[in-house]
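The values are calculated or read from the model by the stated rules, or taken from the named source; none is laboratory data. Source: prediction; values computed, not measured. With ideal geometry, Cβ positions are generated from the backbone for all residues, glycine too; neighbour counts draw on all protein chains shown.
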Amino acid sequence: DAKTTQPTSMDCAEGRAANLPCNHSTISGNEYVYWYRQIHSQGPQYIIHGLKNNETNEMASLIITEDRKSSTLILPHATLRDTAVYYCIASTGNQFYFGTGTSLTVIP
Amino acid sequence: DGGITQSPKYLFRKEGQNVTLSCEQNLNHDAMYWYRQDPGQGLRLIYYSQIVNDFQKGDIAEGYSVSREKKESFPLTVTSAQKNPTAFYLCASSIEGGTGNEQFFGPGTRLTVL
(Lines give C-alpha, C1' and ligand atoms only; values in the text may rest on other atoms or scores of the structure.)
Protein backbone atom coordinates (compact mmCIF):
# COMPACT_ATOMS: atom_id res chain seq x y z
CA ASP A 1 0.00 0.00 0.00
CA ALA A 2 1.15 3.53 -0.75
CA LYS A 3 2.50 5.64 2.10
CA THR A 4 0.74 8.88 2.99
CA THR A 5 2.07 12.12 4.46
CA GLN A 6 0.02 14.35 6.76
CA PRO A 7 0.81 17.38 8.92
CA THR A 8 1.40 16.43 12.53
CA SER A 9 -1.14 18.83 13.98
CA MET A 10 -3.69 21.49 13.05
CA ASP A 11 -6.04 23.86 14.84
CA CYS A 12 -9.47 24.98 13.69
CA ALA A 13 -11.96 27.45 15.16
CA GLU A 14 -15.30 26.00 16.18
CA GLY A 15 -17.90 26.49 13.46
CA ARG A 16 -15.34 26.95 10.70
CA ALA A 17 -14.42 24.42 8.04
CA ALA A 18 -11.50 22.15 8.85
CA ASN A 19 -9.40 21.22 5.81
CA LEU A 20 -7.02 18.34 6.42
CA PRO A 21 -4.49 17.66 3.64
CA CYS A 22 -2.87 14.38 2.71
CA ASN A 23 -0.16 13.52 0.19
CA HIS A 24 -0.09 10.08 -1.45
CA SER A 25 2.17 10.60 -4.44
CA THR A 26 2.88 6.88 -4.95
CA ILE A 27 -0.74 5.76 -4.91
CA SER A 28 -1.53 3.04 -7.44
CA GLY A 29 -4.56 2.88 -9.69
CA ASN A 30 -6.50 0.38 -7.60
CA GLU A 31 -5.88 2.02 -4.23
CA TYR A 32 -8.60 4.03 -2.55
CA VAL A 33 -8.08 7.00 -0.24
CA TYR A 34 -9.64 6.34 3.17
CA TRP A 35 -10.07 8.68 6.10
CA TYR A 36 -10.54 7.57 9.70
CA ARG A 37 -10.43 9.43 12.98
CA GLN A 38 -9.60 8.28 16.48
CA ILE A 39 -10.55 9.85 19.74
CA HIS A 40 -8.23 8.95 22.58
CA SER A 41 -8.46 5.33 23.73
CA GLN A 42 -11.26 4.45 21.30
CA GLY A 43 -11.33 2.44 18.10
CA PRO A 44 -10.88 4.39 14.85
CA GLN A 45 -14.08 5.66 13.28
CA TYR A 46 -14.59 5.43 9.52
CA ILE A 47 -15.28 8.81 7.90
CA ILE A 48 -15.18 8.51 4.12
CA HIS A 49 -13.30 6.98 1.20
CA GLY A 50 -12.99 7.45 -2.54
CA LEU A 51 -11.12 6.32 -5.63
CA LYS A 52 -11.13 9.15 -8.16
CA ASN A 53 -14.19 11.28 -7.73
CA ASN A 54 -14.92 13.67 -4.92
CA GLU A 55 -17.17 12.18 -2.26
CA THR A 56 -19.52 13.64 0.34
CA ASN A 57 -21.45 12.08 3.19
CA GLU A 58 -23.10 13.30 6.37
CA MET A 59 -19.76 13.63 8.13
CA ALA A 60 -17.38 15.13 5.59
CA SER A 61 -16.30 15.76 2.03
CA LEU A 62 -13.30 14.23 0.31
CA ILE A 63 -11.58 16.12 -2.48
CA ILE A 64 -9.09 14.09 -4.55
CA THR A 65 -6.84 15.86 -7.05
CA GLU A 66 -7.07 14.84 -10.67
CA ASP A 67 -3.65 13.15 -10.58
CA ARG A 68 -4.69 11.42 -7.32
CA LYS A 69 -1.43 12.36 -5.64
CA SER A 70 -3.11 14.29 -2.86
CA SER A 71 -6.46 14.76 -1.18
CA THR A 72 -8.22 16.96 1.36
CA LEU A 73 -10.75 15.98 3.98
CA ILE A 74 -13.21 18.76 4.73
CA LEU A 75 -15.27 18.93 7.91
CA PRO A 76 -17.67 21.72 6.94
CA HIS A 77 -18.57 23.06 10.39
CA ALA A 78 -16.10 21.82 12.98
CA THR A 79 -17.35 21.20 16.52
CA LEU A 80 -15.45 20.47 19.70
CA ARG A 81 -16.36 16.79 19.25
CA ASP A 82 -14.31 16.74 16.05
CA THR A 83 -11.10 17.05 18.08
CA ALA A 84 -9.29 13.81 17.26
CA VAL A 85 -6.41 12.26 15.33
CA TYR A 86 -7.27 11.94 11.65
CA TYR A 87 -5.67 9.22 9.53
CA CYS A 88 -5.38 9.24 5.75
CA ILE A 89 -4.78 5.79 4.25
CA ALA A 90 -4.16 4.64 0.68
CA SER A 91 -5.20 1.03 0.27
CA THR A 92 -7.03 -1.49 -1.87
CA GLY A 93 -9.13 -2.13 1.22
CA ASN A 94 -7.17 -5.05 2.59
CA GLN A 95 -4.10 -4.16 4.59
CA PHE A 96 -4.40 -0.64 6.02
CA TYR A 97 -1.26 1.26 6.99
CA PHE A 98 -2.01 3.78 9.72
CA GLY A 99 0.71 6.40 10.14
CA THR A 100 0.69 8.90 13.00
CA GLY A 101 -2.05 11.02 11.41
CA THR A 102 -2.98 14.67 12.02
CA SER A 103 -4.01 15.74 15.48
CA LEU A 104 -6.86 18.20 14.95
CA THR A 105 -7.80 20.51 17.80
CA VAL A 106 -11.04 22.47 17.48
CA ILE A 107 -10.81 25.67 19.49
CA PRO A 108 -13.90 27.26 21.09
CA ASP B 1 -27.41 -3.86 17.50
CA GLY B 2 -24.85 -4.76 14.85
CA GLY B 3 -21.22 -4.24 15.53
CA ILE B 4 -17.88 -5.47 16.74
CA THR B 5 -17.28 -6.32 20.37
CA GLN B 6 -13.98 -6.77 22.11
CA SER B 7 -13.65 -7.99 25.63
CA PRO B 8 -12.46 -7.17 28.14
CA LYS B 9 -11.75 -3.43 27.82
CA TYR B 10 -8.78 -3.67 30.22
CA LEU B 11 -6.68 -6.79 30.78
CA PHE B 12 -3.78 -7.39 33.13
CA ARG B 13 -1.44 -10.37 32.95
CA LYS B 14 1.80 -11.46 34.50
CA GLU B 15 4.88 -11.69 32.35
CA GLY B 16 5.33 -15.12 30.75
CA GLN B 17 1.61 -15.93 30.56
CA ASN B 18 -0.27 -16.38 27.34
CA VAL B 19 -3.45 -14.32 27.03
CA THR B 20 -6.31 -14.47 24.52
CA LEU B 21 -8.21 -11.38 23.39
CA SER B 22 -11.75 -11.80 22.16
CA CYS B 23 -13.23 -10.25 19.00
CA GLU B 24 -16.78 -10.96 17.84
CA GLN B 25 -18.79 -9.39 15.02
CA ASN B 26 -22.44 -9.82 14.00
CA LEU B 27 -22.14 -7.86 10.77
CA ASN B 28 -21.81 -10.99 8.64
CA HIS B 29 -18.42 -9.72 7.44
CA ASP B 30 -16.02 -12.14 5.78
CA ALA B 31 -12.76 -10.34 6.64
CA MET B 32 -11.39 -9.62 10.09
CA TYR B 33 -8.20 -7.91 11.28
CA TRP B 34 -6.08 -7.39 14.39
CA TYR B 35 -4.02 -4.26 14.96
CA ARG B 36 -1.73 -3.11 17.71
CA GLN B 37 -1.32 0.52 18.78
CA ASP B 38 1.46 1.87 20.99
CA PRO B 39 1.27 5.28 22.70
CA GLY B 40 1.51 8.16 20.23
CA GLN B 41 1.75 5.79 17.27
CA GLY B 42 -0.48 4.66 14.46
CA LEU B 43 -1.96 1.17 14.15
CA ARG B 44 0.12 -1.78 12.94
CA LEU B 45 -1.39 -4.89 11.41
CA ILE B 46 -0.78 -8.16 13.29
CA TYR B 47 -2.92 -10.73 11.44
CA TYR B 48 -5.87 -10.71 9.09
CA SER B 49 -8.35 -13.26 7.83
CA GLN B 50 -10.32 -12.94 4.61
CA ILE B 51 -12.40 -16.06 5.13
CA VAL B 52 -13.12 -18.75 7.70
CA ASN B 53 -10.24 -21.18 8.35
CA ASP B 54 -7.74 -18.93 6.59
CA PHE B 55 -5.52 -16.13 7.88
CA GLN B 56 -2.32 -14.29 6.94
CA LYS B 57 0.45 -12.59 8.86
CA GLY B 58 0.57 -8.83 8.94
CA ASP B 59 3.58 -6.64 9.60
CA ILE B 60 4.18 -7.64 13.23
CA ALA B 61 2.91 -11.24 13.64
CA GLU B 62 5.82 -12.55 15.72
CA GLY B 63 4.72 -13.57 19.21
CA TYR B 64 1.03 -13.68 18.27
CA SER B 65 -1.34 -16.39 17.04
CA VAL B 66 -4.91 -16.37 15.74
CA SER B 67 -7.67 -18.74 14.71
CA ARG B 68 -10.74 -18.29 12.53
CA GLU B 69 -13.00 -21.26 13.16
CA LYS B 70 -16.20 -19.25 12.90
CA LYS B 71 -17.10 -16.34 10.66
CA GLU B 72 -18.08 -14.11 13.57
CA SER B 73 -15.06 -14.74 15.80
CA PHE B 74 -11.34 -13.98 15.42
CA PRO B 75 -9.51 -14.41 18.76
CA LEU B 76 -5.93 -13.22 19.18
CA THR B 77 -3.48 -14.95 21.51
CA VAL B 78 -0.56 -12.94 22.81
CA THR B 79 2.09 -15.51 23.63
CA SER B 80 5.00 -15.31 26.04
CA ALA B 81 7.26 -14.98 22.98
CA GLN B 82 5.95 -11.45 22.36
CA LYS B 83 8.66 -9.25 23.89
CA ASN B 84 6.62 -6.09 24.44
CA PRO B 85 2.98 -7.14 24.75
CA THR B 86 1.70 -4.09 26.64
CA ALA B 87 -0.35 -2.14 24.08
CA PHE B 88 -3.83 -1.21 22.86
CA TYR B 89 -5.25 -3.97 20.64
CA LEU B 90 -7.90 -3.23 18.03
CA CYS B 91 -10.02 -5.64 16.03
CA ALA B 92 -11.73 -4.70 12.76
CA SER B 93 -13.91 -6.31 10.12
CA SER B 94 -14.97 -5.59 6.55
CA ILE B 95 -17.51 -7.11 4.17
CA GLU B 96 -14.67 -8.69 2.25
CA GLY B 97 -10.97 -8.02 2.07
CA GLY B 98 -9.74 -5.73 -0.65
CA THR B 99 -12.10 -4.34 -3.31
CA GLY B 100 -12.30 -0.93 -1.66
CA ASN B 101 -14.41 -1.82 1.36
CA GLU B 102 -14.09 0.08 4.60
CA GLN B 103 -13.02 -1.56 7.85
CA PHE B 104 -15.08 -1.11 10.99
CA PHE B 105 -13.32 -1.15 14.33
CA GLY B 106 -14.18 -2.44 17.78
CA PRO B 107 -13.61 -0.43 20.97
CA GLY B 108 -10.24 -2.06 21.70
CA THR B 109 -8.63 -3.97 24.56
CA ARG B 110 -5.85 -2.38 26.57
CA LEU B 111 -3.43 -5.10 27.66
CA THR B 112 -0.94 -4.47 30.44
CA VAL B 113 1.67 -7.07 31.25
CA LEU B 114 3.12 -6.70 34.71
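Odds and ends about this structure:
- Taking (1) surrounded by 15 or more Cβ atoms within 10 Å (Cβ to Cβ); (2) under 30 Å from A:Gly29 (Cβ atoms); (3) within 10 Å of chain A (Cβ to nearest Cβ) in turn, B:Phe88 satisfies each apart from (2).
- When B:Gln17, B:Gln50 are screened for being surrounded by 15 or more Cβ atoms within 10 Å (Cβ to Cβ) and modelled with pLDDT under 95, only B:Gln50 passes.
- Highlighted here are the strands (runs of 3 or more DSSP E) found entirely within chain A that include at least 2 residues which are in contact (Cβ under 8 Å) with a residue 40 or more places away in the chain and within 11 Å of chain B (Cβ to nearest Cβ): A:32-38, A:84-91.
- Summed over the stretch B:95-114, the residues that are more than 7 Å from every other protein chain (Cβ to nearest Cβ) and either of a type outside the set (Val, Ile, Thr) or over 16 Å from the mean Cα position of the chain (by Cα) (or both) give a count of 6.
Residues are listed down the side, and each one gets a yes or a no for (1) at pLDDT below 95; (2) in contact with an Asp or Glu (Cβ under 7 Å, 6 or more places away or on another chain):
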| position | (1), (2) |
| --- | --- |
| A:Ser41 | yes, no |
| A:Asn57 | no, no |
| A:Leu62 | no, yes |
| A:Ser70 | no, no |
| A:Ile74 | no, no |
| A:Ala90 | yes, yes |
| A:Gln95 | yes, yes |
| A:Thr102 | no, no |
| A:Thr105 | no, yes |
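- All strands (runs of 3 or more DSSP E) inside the stretch B:8-64 with 3 or more residues being within 13 Å of chain A (Cβ to nearest Cβ) and touching a residue at least 40 places away in the same chain (Cβ under 8 Å): B:31-37, B:43-51
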